[in-house]
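Accompanying notes for the structure given below.
The values are calculated or read from the model by the stated rules, or taken from the named source; none is laboratory data. If you're wondering where the values come from, they're calculated on a predicted model, not measured in any experiment. Using ideal geometry, Cβ is built from the backbone for each residue, glycine included, and neighbour counts are taken over all protein chains shown. These area figures cover heavy atoms from the full protein model, side chains too; ligands, DNA and RNA do not enter into them. Shrake-Rupley method; radii C 1.70, N 1.55, O 1.52, S 1.80 Å.
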Amino acid sequence: MTLPATAPPPCPAALAALAAARPIGVFDSGIGGLSVLRALRAELPREHFIYVADSAHAPYGQRGDAFVAARSLAIGSALLAADGIKALVIACNTATAAAAQALRAAHPHLPIVGVEPALKPAAALTRTGRVGVLATQGTLQSQRYRLLQAAQPAHVQFIALACNGLADAIEAEASSLAPAGASASHLIEQYLGQLGPLGMQPGAIDTLVLGCTHYPLAEAAWRQHAGPHIALLEPGPPVARQTRRLLAERGLLRPPTDAAPGHLALRATGDASALHAAARQLGLAA
Ligand code: DGL
């Protein structure tokens with residue numbers, strides 16, 4: 001009697017190596033998440049990344065939670081089904097507020113890292129006790145943001161401002177489509193004017209939280225209008241460190257024995273010109 005030929009079961013080490021070689025998915029409504037991807041690639045240069053800009057549905061900031069959650073779930077599922085991602089980074093404050101919970105419920109075994117406005121580091125840093133928070137309407141109106149602000153020390157005052165139109169202006173400038181007079185720099189100047197006095201003197205705002213991942217891409221304009229001494233906080237580096245921690249805990253970091261360098265795939269659901277231009281500007285793509 002001959003026994004049917006069966007392949008030997010793959011050994012656990014081979015399975016673990018396969019899992020660690022899979023890419024990390026990163027998404028945003030558009031190019032903003034590149035500010036997070038820049039930090040991720042610096043922290044994890046050996047990892048493979050797939051970045052999705054949901055440009056067909058951007059901006060997310062004033063779309064409402066249900067829409068943003070549906071888009072986030074669709075992108076997460078597509079990245080898992082088509083690319084077998086080993087982790088997902090929600091490189092968007094608005095999408096994190098609207099969809100982090102739903103994404104974790106839909107994919108309980110997938111490590112998922114979200115971004116949130118850096119209120120806690122700002123509270124630790126401010127000397128005047130006044131912090132400006134700049135973000136989208138969706139982020140600032142979310143329950144998640146309310147809870148985050150409520151958890152900060154009572155002596156720190158947060159002055160939050162929804163910067164409608166700013167993510168769009170940054171996006172348009174990246175692909176050189178910005179109409180004259182509507183530049184990101186002009187909007188930044190206007191919004192900072194609305195926040196109140198900036199500076200180191202008592203009663204002034206000395207720390208700015210850039211609570212939308214698009215905003216750090218206009219760093220030169222923030223610096224120009226806020227002045228050299230105001231602290232600007234962005235979430236990229238802490239998100240990158242948290243991603244490394246989660247992958248290490250699960251044995252999912254790509255091993256150093258794997259010689260090929262980490263690669264990056266850039267995708268857009270709509271027009272991709274801003275994405276490619278911004279990635280080149282940031283040195284993320286050739
Ligand atoms: N970059 C996104 C964020 O961090 C959203 C910008 C938008 O699409 O409105 O909130």
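Computed values, structure above
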quantity	calculated
Those residues of the stretch 30-53 which are open to solvent by 20 Å² or more (accessible area, probe 1.4 Å) and within 13 Å of the ligand (Cβ to nearest atom), in sequence order	none
Hits in the stretch 59-112 - residues which are in contact with a Lys or Arg (Cβ under 6 Å, 6 or more places away or on another chain) and without any contact (Cβ under 8 Å) to a residue 24 or more places away in the chain	none
Residue count for the stretch 187-246, restricted to those that are under 17 Å from residue 34 (Cβ atoms) and surrounded by fewer than 14 Cβ atoms within 10 Å (Cβ to Cβ)	2
Candidates 89, 68, 133, 113, filtered to the one that is open to solvent by less than 20 Å² (accessible area, probe 1.4 Å), away from the ligand (no atom under 13 Å from the Cβ) and among the β-branched types (Val, Ile, Thr)	113
Number of the condition not met by residue 282 [criteria: (1) modelled with pLDDT under 95; (2) crowded, with 21+ Cβ neighbours inside 10 Å]	(2)
Residue check, residue 90 modelled with pLDDT of 95 or more, β-branched (Val, Ile, Thr) and more than 19 Å from residue 142 (Cβ to Cβ)	no
